[in-house]
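Here's the structure we're looking at; comments come further down.
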Amino acid sequence: MHRFANPAQFNRLADAILPWAKMAFVLLLGAGLYYAFFDSPPDYQQGESVRVMYIHVPAAWMAMFTYMVMAIASFTALVWRHPLALLAGRAAAPIGAVFTALALITGMLWGKPMWGTYWVWDGRLTSVLVLLFLYLGYMALWQAIDEEEKAGRAASILALVGVVNIPIIKFSVDWWSTLHQPASVMRLDGPTIDGSMLMPLLLMAGAYQAYFVVVFLWRMKLEINRRKLAVARQAAMHASVGAE
Amino acid sequence: MAEFLNMGGYASFVWTAYGLSAAALIWLAMSSRKQLTETDDAVDAARARRRGEG
């Protein structure tokens with residue numbers, strides 16, 4: 001793992017992965033949208049509104065996946081002080097925040113015609129809202145503390161504490177009574193959703209995953225550049241103090 | 001076509017969800033790419049300055 005602690009080596013690896021991830025995104029998105037709109041039936045109860053599922057569910061999955069990426073990066077940064085791990089957490093946070101906001105907004109737009117309301121304070125919706133606040137809090141901590149190392153440590157601790165929210169999101173529909181439907185794909189006894197709907201759902205989930213890889217690698221490279229510029233600024237400051 | 005766009009009467013919910021998702025994902029990708037290009041240029045400029053000083 002420490003092989004990729006070298007930013008130059010990481011950038012080379014990222015540059016090799018990026019074209020493939022971009023291609024995968026375009027292909028998966030194209031196929032996903034085709035199946036979502038033209039090759040999957042309307043739901044027998046929800047009608048055409050079920051097509052919101054093909055963007056809502058992948059956004060919700062990515063919101064949780066990205067949080068786990070951020071939490072693992074934070075753990076790695078705190079325990080092993082891996083130089084790129086802090087940057088990985090910081091790079092992932094805005095992507096996770098966007099996916100979480102999209103899961104909430106598309107869920108509201110699906111909920112209104114199906115439940116008759118945009119919002120209910122039940123376990124699932126509230127725990128996903130808490131996830132959004134955790135992302136925003138993590139990003140705010142990075143901004144609020146001037147010293148990068150301290151900011152990174154505080155944000156990483158918050159990310160680790162927030163991990164407890166992930167199983168709450170997942171199992172909230174089983175633990176508490178809710179308007180939200182229970183899991184129909186990620187179940188121990190296999191998916192209960194029909195294959196004609198599972199196909200576009202998985203294709204769109206793949207497209208979102210490929211999108212994550214592309215934007216995450218861009219943001220990692222961006223964070224590496226920011227770190228380089230901070231070091232260069234510090235070196236220039238020391239040089240000017242030394243010259244005086 | 002009109003039937004497709006109407007989405008069985010749920011057009012405003014379905015198309016708003018897709019439109020907002022597209023807008024948010026495009027905005028995040030474009031702003032990330034733009035910031036990366038700007039910092040790439042700044043790193044190159046810093047490197048050139050250092051070479052000039054050396």
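Derivation of every value follows stated rules applied to the coordinates shown; laboratory data play no part. Source: prediction; values computed, not measured. Counting neighbours? That spans all protein chains shown, and the Cβs are built from the backbone with ideal geometry, glycine included.
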Original post:
What does the average come to when, for each residue of peptide B:28-39, you count the partner chain Cβ atoms lying within 10 Å of its Cβ?
Top reply: 6
**OP:** Please state, rounded to one decimal and in Å, the Kirkwood hydrodynamic radius that the protein assembly as shown gives when every pair of distinct Cα atoms enters the mean of 1/r.
**Re:** 21.0
**OP:** Name the lysines eligible as straight-distance cross-link partners of A:LYS150: C-alpha to C-alpha under 28 Å, and not fewer than 8 places from it in the same chain.
**Re:** A:LYS221, A:LYS228, B:LYS34
**OP:** May I ask you to derive the relative contact order of the stretch A:91-244, considering only C-alpha pairs under 8 Å and at least 6 residues apart, and to give it as an integer percent?
**Re:** 24
Subject >> chain A: calculated mean residue ellipticity at 222 nm from DSSP helix runs of at least 4, using -39500 (n - 2.57) >> reply: -27500 deg cm²/dmol
Original post:
If one computes P(r) from the Cα atoms of the stretch A:73-167, what percent of pairs lie at distances over 16 Å?
Top reply: 58
Subject >> chain B: C-alpha gyration tensor shape, a/c 1.5 cut-off, then a/b vs b/c >> reply: prolate
Subject >> Order of A:HIS238, A:HIS56, A:HIS82 under a 10 Å beta carbon neighbour criterion, fewest first >> reply: A:HIS238, A:HIS82, A:HIS56
Subject >> Principal-axis tilt of helix A:85-115 within chain A, Cα atoms, nearest 10 degrees >> reply: 20
Subject >> Overall form of the stretch A:1-82 per C-alpha gyration tensor (a/c, 1.5; a/b vs b/c) >> reply: oblate
Original post:
Sorted from fewest to most neighbouring beta carbons within 10 Å, what does the list A:GLU223, A:GLU148 look like?
Top reply: A:GLU148, A:GLU223
Subject >> Dipole of the stretch A:69-170 [Lys/Arg +1, Asp/Glu -1 at C-beta], most positive-end residue of A:ALA77, A:TRP110, A:VAL164 >> reply: A:TRP110
Original post:
How far is helix A:165-175 tilted off the main Cα axis of chain A, in degrees rounded to 10, range 0 to 90?
Top reply: 10
Subject >> Rounded to the nearest 20 debye, dipole of the stretch A:1-137 from Cβ charges on Lys, Arg, Asp, Glu >> reply: 520
Subject >> Nearest-ten-degree value, helix A:148-162 long axis tilted from longest Cα axis of chain A >> reply: 20
Original post:
Rounded if a/c is under 1.5, else prolate if a/b beats b/c, else oblate: with a ≥ b ≥ c from the C-alpha gyration tensor eigenvalues square-rooted, which is the stretch A:131-244?
Top reply: oblate
